[in-house]
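Heads up, the thing below is written out as structure tokens.
The values are calculated or read from the model by the stated rules, or taken from the named source; none is laboratory data. What you see is a predicted model, and the numbers here were worked out from it, not measured in a lab. A quick note on method: Cβ atoms are made from the backbone with ideal geometry, for glycine too, and the neighbour counts reach across all protein chains shown. Accessible surface areas use protein heavy atoms only, side chains included; no ligands, DNA or RNA. Shrake-Rupley method; radii C 1.70, N 1.55, O 1.52, S 1.80 Å.
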Amino acid sequence: MRNKLLTTTSSLAATLIGVNAPSPLIDLDKILTIVADTYDYTTSIDDERQFNDSNLAEPLEIFAQLLRKQYRQRAHVLAISCGAGWEANFLMARGSDIVGIDTSAEVLQRARNRVPGGKFLQMDIQNLHFPPEETFDAVWSTRTLIHVPPALVVDLLASWKRVLKPGGILGLGVNIGERNGWETNEAMSELPMFYHYFADGELEEALEAAGYQVVEKARITSKSNSAESRNFFVFAQRSDTSLDKIIYSQYVQYDEHEKRRTVQPEDLEPVIALLLHAGSLTSKEQTNLCLLYDQLTLRDRADGNRYKLAAQKLKLHLQTPETFFTEDFDVWLAMGKLHLKLAQYPQVTLCLEQALRLRPDHFATLMRLSYAYDGVKNFDKAIAIAHTAERLPEQSRVSNEEKAELYHALGHSYIDRSLSANNEVSVQDREKGDYYMQLACSMGKYGYMYIACLASIYNETKRFSETIQLFDTFIENEKIRIDEKLENALYFYRAEAGIGTDRYAHALGYLAHCERYARANRDWDALAHVKLYQIRTELKRKDVGELSPDEIRSHLSVLYEHEPSPFVAESFKLDRENVISILSAFYLINQSLNEQVLPDNVDEILAEAIYYLEKMYERGEERELNLLIFADNPGAVPGELYKFNCRLHLFRFDEVGTDLTEREMHQFRVWAILALTGEAPASTLSAITFAMGRFSHEGYTIYFYDPKRVWPTFVRKSLNEFFVDSIEEIAQFTYVNMLYDKARDYLSSTRIPGLSAMDITLSEQSSSNIDLLPIEEEVR
């Protein structure tokens, strides 16, 4: 059977794909996504039995009694990871009003059916997206923290304080034992699950560190308990203590010369612990917690794991106006800057719009808001905001360096808009983009630093020869040779230009220079960028369908080894995941798909390959799958061909090669030819056979379904590889090949799809520091 997909003699149990891929250890978003997927697949409908077997009634009764003792009226309770609603139902029957959250839409619907009086929302435990005015008297959560890495437990618990009223009750259920890490087992259908069972006293210590006071404990024996594990429940109150300003001021010193607050690198963990331990934080104190975690990432950049862990903790504590209220301009500006460093553009716009409302003429806010609008692809607003900053009355007080950054933002936004506009407007915007970026390069004594950004927009608009000329002109410049980071950026864009001009060996040479820089400076995100570009270059040199299993394993191993931090643009992370999915799919296709006899498990192979290729569309990649069909009776095309989500283009046999179909025949690379009635004349069959031979030699995939055997025997014998026995086979094989063509087109791009020059520029700014804010009653 002729098929474009990769062939391999290996089994489906590939070393580096699927459940056997290296699993995340500190990326909380990824960990909880995998855990939720496994639960979705394995959770039994018989959840009542599971509820009863767990003996949850006893700890729930203790929790309900604590609520009755503390609140005369019905307590407002948040059930985190509420599941199918059994625990919510129990608490509601005992006088509480319930809001339940879970990530699974299916179990939430079961919860709504079971508890009609409750409110159930799809929400992540690490991002409690409640408005600032909605807080709870109590929070209940069981079977949640056992899936959270121990290094993140304190910060997760501290982040929950935002939705729990001071003095509110927190009820937690965990397992005591030694289970810790990823595993698979038969009970979970061999799907991956992350477990963290607690040591004796560990949960109590975490609660105290996160600003809670333990009020009661309960050890519960369930029918499912083993000797290695015990159910353990702790009930705690959110502390109402404020930050100890005296101790805080011992760590945070005001530098009169620099006019800024500083913390010694070795004091970052103690002052962070002090803030986490406080029961309540003011808006500036909450902001400083985030800023201190940002400083921790800068301190720990040399250690990849510590750097990524600090970034994960920073994400847990960042706020937006949707979850946090303050009328403090400095808070919103700082929050906006931090979200910008994490390339979280929607959150940046929310924060900076609040800052701009409080100070409409603030130059730095306008400039960063322009970046944010560009990041969410609102180029008109990005340009308008930047021009507003350009026209501010106090322009005389704006430094040349600040003006250069403004012109740099305008240059990027005009270029980005030019790529989405019609021809006339596109040319005008590109000229304006060039003008403003060149203006940025000429501003002030540091204007030369924007030369790499000029190269970036040349590449973004496929003017690779201009990038090459720029590189040759400036790479020996003394200022650039001194600035190692700028020099490396020019090498990176020169490599990108090499990829764009099909000079792959040159591109790999320039990327090797970038790799040496990244390793020498322990810049792990830069290294992740380089590694992805190196693999993309190799995939342009050699079609993914021609790679050996060993080559694919090697590429996957590199991608898994160099995982980016949260500071990297989302478009980069999505592309990395898409490339992994494509490589995983091609690894799964068996060698025998190119042979005459299909393997017995071909359906499993294709289903798993389709699963990985479809992941791209789940991540937001545009889905455009087109199948060209020629049939002797288009009205009789079986429904099986409609079951996959693709667009069918139907024509009659006698329309093959006519003006009506010539464009489609060249445009769509996967065909199905259906002889459904067996009544086609010989001349029509001859024309179809000729077209098939012509286009198949150009790499098109064509399948024939001929149940009436209208094609002559000699044609069937000579073209046997194109004939299939059923409509089901055509439906499956054409769908796989359409996905393949889209994957190949995806890999053909020079720059990462969706990654703009602005993303690359901002990712290079994540090493900048943001000053701590003054807090009330701090000791100076």
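Some observations on this one:
- Long-range neighbours under 6 Å by Cβ, at least six apart or interchain, first residue among the hydroxyl-bearing types (Ser, Thr, Tyr) within the stretch 130-158, second outside any loop (DSSP other than H, G, I, E, B): 135/163; 135/165; 141/80; 141/172; 142/173; 144/80
- In this structure, residue 246 qualifies as modelled with pLDDT under 95 and more than 35 Å from the chain's Cα centre (by Cα).
- Selection over the stretch 195-221 of residues that are crowded, with 17+ Cβ neighbours inside 10 Å and modelled with pLDDT under 90 gives a count of 1.
Yes/no per residue for (1) over 37 Å from the mean Cα position of the chain (by Cα); (2) within 17 Å of residue 730 (Cβ to Cβ):
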| position | (1), (2) |
| --- | --- |
| 643 | no, yes |
| 659 | yes, no |
| 666 | no, no |
| 670 | no, yes |
| 676 | yes, yes |
| 680 | yes, no |
| 693 | yes, no |
| 697 | yes, no |
| 701 | no, yes |
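- Qualifying residue in the stretch 285-295 (condition: of a type in the set (S, T, N, Q), touching a strand residue (DSSP E or B) at 6+ places or on another chain (Cβ under 9 Å) and modelled with pLDDT of 95 or more): yes
- Counting only helices (runs of 4 or more DSSP H) wholly contained in the stretch 11-84, the ones carrying 2 or more residues that are at pLDDT below 90, hydroxyl-bearing (Ser, Thr, Tyr) and within 22 Å of the chain's Cα centre (by Cα) occupy 28-42.
- Residues that are open to solvent by less than 30 Å² (accessible area, probe 1.4 Å) and either free of Cβ contacts under 8 Å to residues at least 60 places away in the same chain or not in a helix (DSSP H, G or I) (or both) within the stretch 410-425 comprise 410, 411, 414, 418, listed in sequence order.
- Qualifying residue in the stretch 545-555 (condition: of a type in the set (Val, Ile, Thr) and assigned to a helix (DSSP H, G or I)): yes
- Residues within the stretch 609-649 that are part of a helix (DSSP H, G or I) and of a type in the set (Val, Ile, Thr), tallied: 1
- Residue check, residue 447 under 27 Å from residue 479 (Cα atoms), crowded, with 20+ Cβ neighbours inside 10 Å and out of contact with any Ser or Thr (no Cβ under 9 Å at 6 or more places or on another chain): no
- The residues on offer are 685, 674, 739, and the sole one that is in contact with a Leu (Cβ under 6 Å, 6 or more places away or on another chain) and open to solvent by less than 30 Å² (accessible area, probe 1.4 Å) is 739.
- Subset of the stretch 114-123 (residues that are charged (D, E, K, R) and either assigned to a helix (DSSP H, G or I) or open to solvent by less than 70 Å² (accessible area, probe 1.4 Å) (or both)): 114
- Residue check for residue 579: within 23 Å of residue 306 (Cβ to Cβ) and β-branched (Val, Ile, Thr): no
- For first residues located in the stretch 618-639 and on the phi < 0 side of the Ramachandran plot and of a type in the set (Gly, Ala, Ser), partners that are open to solvent by less than 40 Å² (accessible area, probe 1.4 Å) and part of a strand (DSSP E or B) and lie 6+ apart or on another chain with Cβ distances below 6 Å form the pairs 631/674.
- Selection status of residue 547, crowded, with 22+ Cβ neighbours inside 10 Å and either in contact with a Phe, Trp or Tyr (Cβ under 8 Å, 6 or more places away or on another chain) or over 24 Å from residue 485 (Cα atoms) (or both): no
- In the condition set (1) within 23 Å of residue 316 (Cα to Cα); (2) open to solvent by 20 Å² or more (accessible area, probe 1.4 Å); (3) of a type in the set (Ser, Thr, Tyr), residue 287 is compliant with all but (2).
- The stretch 356-405, subset under 16 Å from residue 433 (Cβ atoms) and of a type in the set (Asp, Glu), residue surrounded by the most Cβ atoms within 10 Å (Cβ to Cβ): 374
- Qualifying positions in the stretch 133-148 - crowded, with 16+ Cβ neighbours inside 10 Å, of a type in the set (D, E, K, R) and out of contact with any Ser or Thr (no Cβ under 7 Å at 6 or more places or on another chain): 137
- Scanning the stretch 535-549 for residues that are among the polar types (S, T, N, Q) and farther than 12 Å from residue 496 by Cβ yields a single hit, 548.
- Verdict on residue 701 being modelled with pLDDT of 85 or more and open to solvent by less than 20 Å² (accessible area, probe 1.4 Å): yes
- Flag for residue 130 being surrounded by 14 or more Cβ atoms within 10 Å (Cβ to Cβ), of a type outside the set (Val, Ile, Thr) and part of a loop (DSSP other than H, G, I, E, B): yes
- Residue match in the stretch 598-620 (condition: closer than 21 Å to residue 24 by Cβ, open to solvent by 30 Å² or more (accessible area, probe 1.4 Å) and of a type in the set (Lys, Arg)): yes
- In the stretch 294-314, the residues that are closer than 18 Å to residue 267 by Cβ and open to solvent by 20 Å² or more (accessible area, probe 1.4 Å) never reach a residue that is at pLDDT 95 or above and not in a helix (DSSP H, G or I) with C-beta atoms less than 6 angstrom apart, at least six apart or across chains.
- The listed residues are 151, 111, 158, and the only one of them that is modelled with pLDDT of 95 or more, surrounded by 19 or more Cβ atoms within 10 Å (Cβ to Cβ) and not in a loop (DSSP other than H, G, I, E, B) turns out to be 158.
- Verdict on residue 494 being basic (Lys, Arg) and surrounded by 20 or more Cβ atoms within 10 Å (Cβ to Cβ): yes
- Only residues that are aromatic (Phe, Trp, Tyr) and open to solvent by less than 40 Å² (accessible area, probe 1.4 Å) were counted across the stretch 640-671, and they come to 4.
- Just so you know, in the stretch 320-355 the residues that are open to solvent by 20 Å² or more (accessible area, probe 1.4 Å) and of a type in the set (S, T, N, Q) include one that is farthest from residue 272 (Cα to Cα), and it is 354.
- Scanning the stretch 704-736 for residues that are surrounded by 14 or more Cβ atoms within 10 Å (Cβ to Cβ) and not in a helix (DSSP H, G or I) turns up 704, 705, 706, 710, 711, 719, 723, 724.
- Of all residue pairs spaced 6 or more apart or on separate chains, those with beta-carbon atoms under 6 Å, a first member in the stretch 516-534 that is open to solvent by 30 Å² or more (accessible area, probe 1.4 Å) and a second member that is among the small types (Gly, Ala, Ser) are 522/302; 524/304.
- Filter result for the condition that a residue is modelled with pLDDT of 90 or more and closer than 23 Å to residue 542 by Cα, over 489, 495, 440, 455: 495
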